[in-house]
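Data first, discussion second: the structure below is written as structure tokens.
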Amino acid sequence: MPAMAEEAVVPAAAPEPHFLVVTYPAQGHINPARHLARRLLRATGARVTVSTAVSAFRKMFPDANLEDAGEGHRDAAGVWYVPYSDGYDGGFDVAMHDHTHYMDQVKLVGSRTLAAVLDRLRDAGRPVTLAVYTLLLSWVADVARAHGVPVALYWIQPASVLAAYLHFFRGTGGVDKAIAAAGGDPSAQVAVPGLPAPLRIRDLPSFITSTSENDPYAFVSDMFRELVDTLGGSPITVLANTFDAMEPDAVASLREHGVDVVPVGPVLSFLDAGAGGAPPTATKTNDLFRQDGKGYLEWLDAQAPGSVVYISFGSLSVMSERQIEEVARGMAESGRPFLWVLREDNRRGGAGADAAALGGERGVVVGWCDQVAVLRHPAVGCFVTHCGWNSTLESVACGVPVVAVPQWTDQGTNSWLVERLGVGVRAAVDEKDGVLEAGELGRCIGFATSEMVRAKAAMWKEKARAAAAEGGSSERNLRAFVAKHQLDGGN
């Protein structure tokens, strides 16, 4: 009887690439997560899903039905969204809820519900092949690995800030002791390994320089310590929202100390659209805040090129009544036209109640706007900002000079970078209450709109766009990372 031929074993086909980007439910985290998702989609054509908390998802997509979400909700760019629960589906209310308890719940409930998201996507035939998570969510790595999914960290602050955290928590070169010895003196100098000296205490992240015994955000320092610890454990790639030319020293320092950092920035969707010269228009942004129509862009259209001062302190900052009064007075004295974003929660009573009065004859005050459309508008010549990293990158990529008014977290380091690049100036504030006064605002606007600063801003605009363009350093870095991930089968 002839021998039976052995049946050939056909290896199982590898799953199609599917990137999951998990982010904290705050505007400053969601924006870069969405931009990265769109860039991954553009670079690979693969399925890309963003996951943030239910409360944020509902604000972004109020018409989406969570019960019928299935594989998720798809936005106009082709990115999918599937929420996880953080235990606060109605949203976090700073007046009622405790931050520490919230972060505990995010980890506890988020771990369970994100696991369910991974299971649901797998069962639908679309298993996640790489999970990318933003800061404050180190627990995502454990959930993903338990499902056999490799991970990468998406660092949405400057590489210089990550280097500061790394060296502080590891005690490299005595950085931790030097910061402690400074006793909170904002002018005291500290040498951070690999970073250009000197840095002052005020230039470092606030979470490692605070001397308050009752700091309500002390727990955040512990979270960054945990993040640094993960960098010393299982190998993990850090995708950094910066570019090689912008922070070469910080990137080199991180690599020298064992961090696999990959600069992929500036990660901004408008740079990927290939419409750098197209006129700016307000678009549906799916932000957590609602825009005030499109009237502010029509007003910008009527202003002279480079004449308008744009003022916005971001999505979280709280403006005191005196600060609102000083900005209004400073702009009135400057004689310049201005567009001022003053969120509704900063207008309750007092000086902020009458937006029309604050605008006066030359200004427009809105509750929220499409910031990129504003910064790209030819009428805008200066940006007065809290200097969050998203706003900083947007201003650099648009070539708009900056007046930096940092308040906390990474904003001091961002302001230090702004001055190092020569694209703006850090404003001095009152030592007692941190208020930027009218005279200083006027002085800084004058400096930021000088020919010297304008020229530097124009130069860095070209460098930022070159890095993100096809064949640029960041575009090549991202493609190489994706190719390696696919070649390694996700390991």
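Points to keep in mind about this one:
- Efficiency of FRET between Ser187 and Glu361 - r from beta-carbon atoms, R0 41 angstrom, step 0.05: 0.55
- Nearby aspartates and glutamates by direct alpha-carbon distance to Lys177 (threshold 18 angstrom, same-chain neighbours under 8 apart not counted): Asp185, Asp203, Glu213, Asp222
- FRET efficiency, 1/(1 + (r/R0)^6) with R0 22 Å, evaluated for Ala146 and Thr100 via beta carbons: 0.30
- Rounded Å value of the spacing that divides the Cα centres of segment 149-182 and segment 423-438: 26 Å
- Positive-pole candidate from Tyr81, Gly388, Ile445, dipole of the chain, charges at beta carbon: Ile445
- Area of Asp229 that stays accessible when all protein chains are in place (1.4 Å probe, Å², to 10): 100 Å²
- For segment 184-270, GluC sites (Glu not before Pro) meeting the loop criterion (DSSP other than H, G, I, E, B) and having at most 12 other Cβ atoms within 10 Å: Glu213.
- For Ser269, the accessible surface of its heavy atoms amounts to roughly 20 Å² (probe 1.4 Å, protein chains only, rounded to the nearest 10).
- Neighbour net charge for Gly125 - beta-carbon separation under 14 angstrom, K R +1, D E -1: 0
- Cβ-based charge dipole, the chain, positive-most Cα from Ile30, Leu227, Ser212: Ile30
- Taking the helices alone, the chain has a mean residue ellipticity at 222 nm of -12500 deg cm²/dmol, built from -39,500 (n - 2.57) per DSSP H run of at least 4 residues and averaged over all its residues.
- Listed peptides 29-39, 140-150 by packing density, highest first (mean Cβ within 10 Å): 29-39, 140-150
- Solvent exposure of the chain as accessible area per residue, Å², 1.4 Å probe: 43 Å²
- Share of carbon and sulfur in the accessible heavy-atom surface of the chain [1.4 Å probe, %]: 51 percent
- Estimated at 0.36 nm per residue, the fully extended path between Arg74 and Ala483 surpasses their Cα-Cα distance by 144.7 nm.
- Set against the labelled values [x] 23.3, 104; [y] 22.2, 73; [z] 25.8, 80, Rg and Dmax of the Cα atoms in Å computed from this structure falls on [x].
- Expressed as a fraction of 2.2 N^0.38 Å, the C-alpha radius of gyration for segment 140-237 is 1.19.
- Selection from Ile156, Ala467, Ile236, by position along the positive dipole direction of the chain (Cβ): Ala467
The values are calculated or read from the model by the stated rules, or taken from the named source; none is laboratory data. Just so you know, these numbers come straight off a predicted model, no measurement behind them. Cβ: placed from backbone, ideal geometry, glycine included. Neighbour counts: every protein chain shown. Each accessible area value is taken on the protein alone, full model and side chains, heavy atoms only, with ligands, DNA and RNA left out. Shrake-Rupley method; radii C 1.70, N 1.55, O 1.52, S 1.80 Å.
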